[in-house]
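Participant: Here it is, the structure, as structure tokens.
The values are calculated or read from the model by the stated rules, or taken from the named source; none is laboratory data. Just so we're clear, the structure is a prediction, and the values are computed from it rather than from any experiment. Please note: Cβ atoms are built from the backbone with ideal geometry, for glycine as well, and neighbour counts cover all protein chains shown.
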Amino acid sequence: MIPEPKLRHSFTLRVELDAPIEMGMGRAGMRRIIPIIGGAALGPDVKGEVMNLGADWQTLFADGASHLDTRYAVRTGDGAVIEIVNVGERHGPDEVIARLARGEDVDPSEYYMRTAARLETGDARYAWVNHMIFVCAGLRKASAVEIAYYAVE
């Protein structure tokens with residue numbers, strides 16, 4: 001019998017964002033870059049700081065949906081550096097997306113924000129992340145996002 005995948009909460013990131021850089025209309029939709037300027041990794045498996053580098057390269061489609069394409073890094077409390085590449089989608093009713101765009105706090109049950117993440121490190125203490133699939137759920141705030149990472153076991 002094929003085993004049923006299980007999800008285990010591994011860590012949550014609180015990611016601080018700078019103001020978006022608007023690129024204008026691209027081939028697929030409106031493009032913008034949102035710089036990542038800091039934050040925290042809140043265990044249980046990974047604890048540390050979100051480094052002041054990286055960005056979310058977003059595509060906004062005519063129907064209000066956003067394709068999220070982020071790359072950033074975490075420095076753990078014990079000195080390891082873990083790269084995170086996180087790709088996914090955010091969408092919801094027009095009025096909810098408009099509230100998010102205005103920077104309002106919106107209950108994450110009112111919209112969909114899901115991603116799949118690949119993590120990589122050369123630090124032997126965290127080598128397990130190189131071989132794990134992570135799925136994530138997130139929420140958007142005015143100048144931050146929070147993303148819960150679940151290891152697929």
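Participant: Condition check: surrounded by 13 or more Cβ atoms within 10 Å (Cβ to Cβ) and either under 18 Å from residue 14 (Cα atoms) or among the basic types (Lys, Arg) (or both). Does residue 147 satisfy that?
Facilitator: Working: surrounded by 13 or more Cβ atoms within 10 Å (Cβ to Cβ): yes; either under 18 Å from residue 14 (Cα atoms) or among the basic types (Lys, Arg) (or both): yes.
Yes, satisfied.
Participant: Something else: Can you name the residue in region 75-94 that is farther than 20 Å from residue 50 by Cβ and modelled with pLDDT of 95 or more and, of all such residues, is surrounded by the fewest Cβ atoms within 10 Å (Cβ to Cβ)?
Facilitator: So the residue we want is 93.
Participant: Can you pull out the residues in region 35-55 that are in contact (Cβ under 8 Å) with a residue 60 or more places away in the chain and under 14 Å from the mean Cα position of the chain (by Cα)?
Facilitator: The answer is 39, and nothing else.
Participant: Something else now. Only residues that are buried (at least 16 other Cβ atoms within 10 Å of the Cβ) and closer than 21 Å to residue 91 by Cβ: list them for region 109-133, please.
Facilitator: Within region 109-133, 111, 113, 115, 117 meet the criteria.
Participant: Quick one: which of 8, 14 is farther than 27 Å from residue 99 by Cα, in a strand (DSSP E or B), touching a strand residue (DSSP E or B) at 6+ places or on another chain (Cβ under 8 Å) and among the basic types (Lys, Arg)?
Facilitator: Selected residue: 8, the only one of 8, 14 that is farther than 27 Å from residue 99 by Cα, in a strand (DSSP E or B), touching a strand residue (DSSP E or B) at 6+ places or on another chain (Cβ under 8 Å) and among the basic types (Lys, Arg).
Here's the yes/no breakdown for (1) more than 18 Å from residue 143 (Cα to Cα); (2) β-branched (Val, Ile, Thr); (3) modelled with pLDDT of 95 or more:
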residue	(1), (2), (3)
27	yes, no, no
33	no, yes, yes
39	no, no, yes
47	yes, no, yes
50	no, yes, yes
64	yes, no, no
69	no, no, yes
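Participant: Related question: Tally time: how many residues in region 56-106 are under 15 Å from the mean Cα position of the chain (by Cα) and among the acidic types (Asp, Glu)?
Facilitator: Residues that pass the stated criteria total 4.
Participant: Mind listing just one residue for me: the one in region 13-34 that is in contact with a Gly (Cβ under 8 Å, 6 or more places away or on another chain) and of a type outside the set (D, E, K, R) and, of those, surrounded by the fewest Cβ atoms within 10 Å (Cβ to Cβ)?
Facilitator: If we filter region 13-34 for residues that are in contact with a Gly (Cβ under 8 Å, 6 or more places away or on another chain), which is where we start, we get 13-16, 30-31.
Then keep just the ones that are of a type outside the set (D, E, K, R); that gives 13, 15, 30.
Working: 13: 25, 15: 26, 30: 15.
Once the filter is applied, the top-ranked residue is 30.
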